[in-house]
Amino acid sequence: MAVPKRELGRTGLQVTTLGYGAMELRGAPRARDITEVQAETILNTVLDAGINYIDTSIDYGLSEERIGRYTRDNIVAGVEQSLTRMKTDYLDVVQFHASPSQRALEEYGALDALLELREAGKVRFIGMSGTLPHLMEHIAMGVFDVFQIPYSAVEREHEAITSAARAGAGTVIRGGAAKGAPTEGKQAGLQWERWRQAHLEDLLDGMSPMEFILRFTFTNPDLDTTIVGTVNPAHLQTNLDILQQGPLPPDLYEEAKRRLAAAGSAPRAG
């Protein structure tokens, strides 16, 4: 079955509801080593599945601190480098990372640089990988076409992605698989504690915890796509199979949100 698509806000881009996060491909020393064959295999599997939203960054192999300075020269150099590396004339969406304040974006000309690159046709749309407290400020600026926001059943602080969607922006969810928190071998940290305290077992009805987590993410009506990273083609196929199951039933979804809120996973005001 074809991967369902949604329109990425006002961009007009039709993106698959499941995207691919390429952080897994950065390799050693910042992550586990991955061979060229492994990288080629998973990327071909992604493309063969019909997934058309791939999230990557020059940070996934170079210094985050360098790009993190948000100067005009760094922004221009970063875009030019990506154009060369990916052998393309333009980038569909370029996003700021780390949710800088409006002042930080404007102080050294970083935002102006990206707007000029868009005007020159090297960038089609501008995005923000944003979080509270600056997220609402970013939305109010009215210049960002796309927002990438952390969100899952056990990390509902940013459920106000509704605000971004209402402003006409595209919404890209990261962390939608909750870092696998409820799965065997990964049961640690805040997300696992929230899952454990929510006591959702009787709602699973045959679903695995990971299926529930992903379907909860897919059920959010304001989501356009969610990026999930893996180097394992079998895991990718599992995610695609979960997507095909569709959204959670409305009554189950609402009950899950109630229990999750009681366990500390609830929307947070801007």
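Read through the labelled values (i) 86, 38, 34; (ii) 54, 44, 34; (iii) 83, 49, 39 and report the label of the one computed as Cα extents along the principal axes in Å from the structure.
Recomputing Cα extents along the principal axes in Å here gives the entry labelled (ii).
Check residue 148: other-chain or 5+ apart residues with amide H under 5 Å from its amide H, H built from backbone geometry?
Residues meeting the criterion, in which the H sits 1.01 Å from N, are 128, 129, 130, 172.
Would you pull out the residues with amide H under 5 Å of residue 18's amide H, same chain only if 5 or more places away, H placed 1.01 Å from N?
Those qualifying (amide H under 5 Å, at least 5 residues apart or on another chain) are 226.
Have a look at segment 113-270 and give its Rg and Dmax from the Cα atoms, expressed in angstrom.
16.7, 55
Using modelled amide H (1.01 Å from N, peptide plane; none on Pro or chain starts), what sits under 5 Å from the amide H of residue 91, excluding residues fewer than 5 places away?
So residue 91 has HN proximity to 123, 124.
Sequence gap at least 6, Cα distance under 8 Å: using those rules, report the relative contact order of the chain to the nearest whole percent. Present the calculation step by step, with values, prior to reporting the outcome.
Numbers: 444 pairs, mean separation 63.2, N = 270.
That works out to 23 percent.
Testing the spin-label approximation: label points 7 Å from Cα along Cα→Cβ at residue 115 and residue 36. State their distance in nm.
Here the answer is 4.3 nm between the modelled labels.
Which three lengths, in whole Å and largest first, does segment 151-233 cover when its Cα atoms are put on their principal axes?
The Cα atoms of segment 151-233 stretch 38, 30, 25 Å along the principal axes, largest first.
Please give the charge dipole size of segment 114-198, origin at the Cα centre, charges +1 on K and R Cβ atoms and -1 on D and E Cβ atoms. Round to the nearest 20 debye. Walk me through the intermediate numbers first.
On the way: 10 positive and 9 negative charges, 44 e Å.
Dipole magnitude for segment 114-198 comes out near 220 debye.
Please find, in a Gaussian network model of the chain (springs between Cα atoms separated by less than 10 Å), the residue of 152, 82, 129 whose mean-square fluctuation is greatest.
Of 152, 82, 129, the most mobile in the Gaussian network model is 82.
If I take every Cα pair under 8 Å that is 6 or more residues apart in segment 65-180, average their sequence separation and divide by the length, what percent do I get for the relative contact order? Don't skip to the end; give the middle numbers.
On the way: 167 pairs, mean separation 24.8, N = 116.
So the answer I get is 21 percent.
Tell me, in nm to one decimal, what length is gained between residue 234 and residue 101 on full extension, where the rule is 0.36 nm per residue of separation less the Cα-Cα distance?
Working: separation 133, 0.36 × 133 = 47.88 nm, distance 3.96 nm.
My answer for the length gained is 43.9 nm.
Over segment 143-270, what percent of the accessible surface lies on carbon and sulfur atoms, probe 1.4 Å? Intermediate values should be presented prior to the final figure.
Values: 2750 of 5320 Å².
Percent of accessible area from carbon and sulfur atoms in segment 143-270: 52.
With every protein chain kept in place and ligands, DNA and RNA left out, what is the accessible area per residue of the chain? Probe 1.4 Å, answer in Å².
Working: 13110 Å² over 270 residues.
Value for the chain: 49 Å² per residue.
Tell me, what HN-Hα J-couplings in whole Hz come from the Karplus equation 6.51 cos²θ - 1.76 cosθ + 1.60 at θ = phi - 60° for each residue of segment 215-222, using x for Gly and Pro?
Values, residue by residue: 5, 4, 4, 4, 6, 4, x, 9 Hz.
With +1 on each Lys and Arg Cβ and -1 on each Asp and Glu Cβ, how big is the dipole of the chain about its Cα centre, in debye rounded to the nearest 20? Spell out each step's value before the answer.
Working: 27 positive and 36 negative charges, 52 e Å.
Charge dipole of the chain: 260 debye, to the nearest 20.
Could you size up the charge dipole of segment 1-158 around its Cα centre, putting +1 on the beta carbon of Lys and Arg and -1 on that of Asp and Glu, and report it in debye to the nearest 20?
Working: 16 positive and 23 negative charges, 32 e Å.
Rounded to the nearest 20 debye, it is 160 debye.
The values are calculated or read from the model by the stated rules, or taken from the named source; none is laboratory data. Since we're looking at a predicted model, the values are computed, not measured. Don't worry about glycine lacking a Cβ; one is built from the backbone with ideal geometry, like all the others, and counts go over all protein chains shown. We work out accessible area using only protein heavy atoms, side chains counted, and drop any ligands, DNA or RNA first. Shrake-Rupley method; radii C 1.70, N 1.55, O 1.52, S 1.80 Å.
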